[in-house]
Every structure is written in structure tokens, then in C-alpha cells.
Amino acid sequence: MLASLLLATTLATSAAPRSRAAEPQIAISVDSARGEVIITAGPYDLPNMPPDMAEMHMGTPQVLRFDWPVDGGLRGFNLSMQTADGKPLPKSIIHHLIAVNFDRRQIVYQMVERLFGWGKETDPVMLPSGVGVPLAKGQHLGVYAMWHNDSGRDIHNAYLKMTLAFIPKSRLQNPVLPMYVDVNNHIGGVTTFDLPPGKSTRAYDFEFPLSGRLIGIGGHLHDYGVAVRFEDAETGKVLVRLKADRDGKGEISKVGRFIWGFHEEALPIEAHHRYRVVAEYDNPTGKTIAQGGMGHINGVFSPNDMAEWPVLDLANADIQRDIAALPTYNEMRASRPAKAHDSREAMDMKSMPMSKPPADSGSASASDMQDMPGMPGMSRLQQRADSTHH
Ligand SMILES: [Cu+2]
């Protein structure tokens, strides 16, 4: 088993018609020896966009869907861009990327799981050994990305490469899942809100449907954000307050993170107990800023019993609204791992047209992409875990 088992790394570009731009393809390979699933997607044509045109992102508002090829857990991820023959391209091209698990519900909302998020500042993530997000072979995943090529030249035939570290099911001792709670979530719609002048807060009360432990959380705010708090709404106790790094004008560069720990030190969470997330703002402009506010937390949650995880109900209107508001799906063809696939699976790999987002959702905008939940704290979790447990 030491030999690297590489299953069908197939990029079908050579089969694409020469007369027009090749359609993007998605390819999946499994390297069992290294414990990696490699997803490659492309080619993409990325015209140069100068930095002063930062608002003009080269959008690919489409979900690339694929089936997860192994039973086990997702332990980490690293993303890069490369040429057809594997030469590296600037990482900053990946402006945002969100990975979606269409087969699992989010813990708090009737929305499909956002498995992880990636921004151009994201560092590769690797969880401690034995910890991972459980994923069964055949689970339906997808990613959508927004490119921004400001390299100074047009880039043709670019490929996205996602290296997803996995651990086999037998070694997954501590299953963890992403958690997302927003102060103003409207499933399928926008989560921003009008920001009044001066100091203000916006809060949302919620429950967890099952008990477990919270390993760590990160926060997200827009400019003039001060902090985001996670509270026990029944006792009023502030469980953690994540402060924003603000400059003199109140513009924020990032929001802090907090890690309780991966084991017994993780924060106990009680099912059907009332919790609260609060966004604190201080808007110095003297005016209400239309849709200027946003606040949410992204966490890593370890359920006491994974069997209690809320079931994904595809007939639920919120779930349907959430999926419909994901970036519009484009026709993609996928090559399959050489092993263990049948025609039905192959069909599942093909595109499923999705309805366009509702006119008011704005869900494909650059700012919303940025605000989709992910697991941004995980690389920091790893640092902490390394220092705590080694
Ligand atoms: Cu935001």
C-alpha cells in the first residue's frame, strides 16, 4: 500500500473542439498513499483586470459539481492555479471559492453545508490527525469561484487545482462540521442590513438541534464593525467576543478568531438551549449606510452524536431557495475515477440546471461571494493545536 494509487487523472482538453474555446472540465484523482483527493477544473480564459478595476472580477458564477470519491474525512485543503502542463500561476487569481456539500444540512439553518471557503489571503489548512469533516464516498459536492487576474497579462488555459487531504474512515476519531450563524440571514437572499449612524448592534437568537462542542469560531463584519459576540442568550454570558482590526477611519482589515481546543477543552454546546450572535458597529459617518452592515460567525463544531445531525430535507422550501440562489450552474462535463463508477453515478456527475437566483438575492455578487460561510479559522486552529498538543 506504499505505492501511490493514482486513479485516472484525466483532463479531457485534447478532446475539446479546436474551433472554439475549450469548455471547462472537472477531473478527480485519488492518491491513497498521500491521502489526497486532487480536483482539477479548467481550462479558464482569464483576461487581465488591472487592480483599479478591482470591482470587475472575472466571474465564473457556476457551481462545478463532483462526487466525493472516498469514505473518510476531509482534513485539510490547499488551492492553486496552474497551466495545462502544471506550471504555477499566481494564487491571487482565486478571489473567492466556496465548496458546497449538497448532501448535508447546515447545523442551524435549512441550507446546504458550506464545506469550506477560500479567499486570496487563505493559507492552506490541515487539521490535527484524527480530526476531519466526515464525507462518504459518492456525496455530492460542488465548488464555485470568482477569479480576478491582475497579473498584468491575459491568461489562457488556466486550471484550478484543489488538493483535499483526507483520512480514511477508520482513522477519523473526531468528526467536526462547519457551523455558520448570521445576525441577519435570509435564506436565498442577502444578509446585509442598513447601518445606522453611531453605535448600534444587531442580534439573532438561535438554537442548536443537537449537543456537542465548539472547537473554535471566526467572525466576519463589514467596515465600521467593532466586534461580533457569541453569547448564551439564557444567562446573558458572553462566550466569546471577536474584535475587528479597525484603522483610524473605522475600515476593518480582519476580525479575530478564538479557539477553545479540539478535545475536552472545547466549549460544550447544549441542544435546544438559546444562544445569540451579536454584531457591534460604530458608524462615524453620521448617516445611515444602505446595506452597509453584515455580521456572522463561522465555527467548527464537534457533535456528541453524529447520528443526531439534522436530516437534509430536499422538499423544504428554504433548502430549495438556498440551492436555487447558488451561482447558476453551467454545463460541465466530468471525467470519473477509473474505478467503481457506474452509469448512474456518471449521470450524477453531469450538470443539473438550476434556476436563476431571485432578482433581489444578488447572490452572485462579489461582495456576497466574500461573505459566504466557510471554515476560515481552520489554519489557525491547526497552529493552536500544534502548540497545545505537541
Ligand atoms: Cu460581508
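Only the coordinates and a few stated rules stand behind these numbers; no lab work does. In this text the structure is predicted, and so the values were computed from the model without any measurement. Don't worry about glycine lacking a Cβ; one is built from the backbone with ideal geometry, like all the others, and counts go over all protein chains shown.
In what sequence do Tyr144, Tyr281, Tyr109 fall when counting other Cβ within 10 Å, fewest first?
Numbers: Tyr144 23, Tyr281 28, Tyr109 18.
So the residues, fewest neighbours to most, are Tyr109, Tyr144, Tyr281.
Just list whichever of Lys199/Lys237; Lys254/Lys287; Lys91/Lys254; Lys137/Lys161; Lys120/Lys243 have alpha carbons separated by over 29 Å in the model shown.
none
Which of the peptides 196-205, 26-35, 307-316 is most tightly packed, and how do the rest follow, judged by the mean count of other Cβ atoms within 10 Å per residue? Let's see the in-between values first.
Working: 196-205: 15.2, 26-35: 18.5, 307-316: 12.5.
Highest to lowest by the protection proxy: 26-35, 196-205, 307-316.
If the viscosity is 0.692 mPa s and the temperature 37 °C, what Stokes-Einstein diffusion coefficient in µm²/s follows for the stretch 198-259 when Rh is the Kirkwood radius over Cα pairs?
251 µm²/s
Just to confirm my numbers, what's the Cα centroid distance between the stretch 128-198 and the stretch 285-320 in Å?
Distance between centres, Cα-based: 14 Å.
Sum up the charges of everything whose Cβ sits under 10 Å from the Cβ of Phe206, counting Lys and Arg as +1 and Asp and Glu as -1, but leave Phe206 out.
-1
Just to compare against my own numbers: the Cα pair-distance distribution for the stretch 208-315, 10 Å bins, whole % per bin, please.
14, 38, 29, 16, 4, 0
Using θ = phi - 60° and the Karplus relation 6.51 cos²θ - 1.76 cosθ + 1.60, list the HN-Hα couplings for the stretch 124-135 in order, rounded to whole Hz, with x at every Gly or Pro.
x, 10, 9, 7, x, 4, x, 10, x, 8, x, 9
Within 10 Å of each residue's Cβ, count the other Cβ atoms and sort Lys254, Lys161 from fewest upward.
Fewest-to-most ranking of Lys254, Lys161: Lys254, Lys161.
Could you work out the Kirkwood radius for the stretch 31-152, taking every pair of different alpha carbons, averaging 1/r and inverting it, reported in Å?
15.9 Å
For Asp85, Asp154, Asp322, what's the fewest-to-most ordering of other Cβ within 10 Å of each Cβ?
Fewest-to-most Cβ neighbours within 10 Å comes out as Asp85, Asp154, Asp322.
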